[in-house]
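Have a look at the structure below before the remarks.
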Amino acid sequence: MTGARRRLGGIVAAGALIGGTGLAVAVPTVVTAPVAAAHSVLLSIDPQDGGEVAGSPEQVVLTFNEEINPNFVTVAVTSAGDPTNRVAGEPTAAGDTVTAQIEDLGPGEYTIGYRVTSADGHVVSGSSAFSVAGAATGTDAAGESGA
């Protein structure tokens, strides 16, 4: 009987080791999956993407889901006809909010481009478009007819 018990004990021990190894391999997959999805994302932008504002906004405000590193923030506001950056001064980051003061914008379409680094070191970039009302077909920026 003693020999049989040893063999049975060995089989149980081997099964526990194999089962434990299988569990150890599966656990990191479950534990590491949520970490990969934890990147910073843009929650909102003002002026709103695709929106139209009545007059020139004074600033662009971007809000993220986590803190932004204030040392690595870039924001540009440009128009299709003129790639000049209309941001006045350096954009600032305070917590999860980035603010950029902008120059007076005439009527037309504008693109906001941004590139920031979240507090955990991940780079987040993207763009958004908005328009300033007042652009009429056949008129120039002064509102005079081109005909």
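Tabulated values for the structure
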| quantity | calculated |
| --- | --- |
| Where GluC sites (Glu not before Pro) fall in DSSP loop in the stretch 40-118, at most 16 other Cβ within 10 Å | 58, 66, 67, 103 |
| Amide H contacts under 5 Å for residue 66, placed H, 5+ residues apart | 41 |
| Translational D in µm²/s for the stretch 38-85 (Stokes-Einstein at 25 °C, 0.890 mPa s, Kirkwood Rh from C-alpha pairs) | 190 |
| Label-point gap, in nm, between residue 84 and residue 120 - each point 7 angstrom along Cα→Cβ | 4.1 |
| Radius 10 Å from Cβ of residue 119, net charge of other residues (Lys, Arg +1; Asp, Glu -1) | -4 |
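Taken together, the values in this text are just the output of simple stated rules run on the coordinates, not laboratory data. These numbers were taken from a predicted model, which means no experiment stands behind them. As a convention, Cβ positions derive from the backbone with ideal geometry for all residues, glycine included, and neighbour counts pool all protein chains shown.
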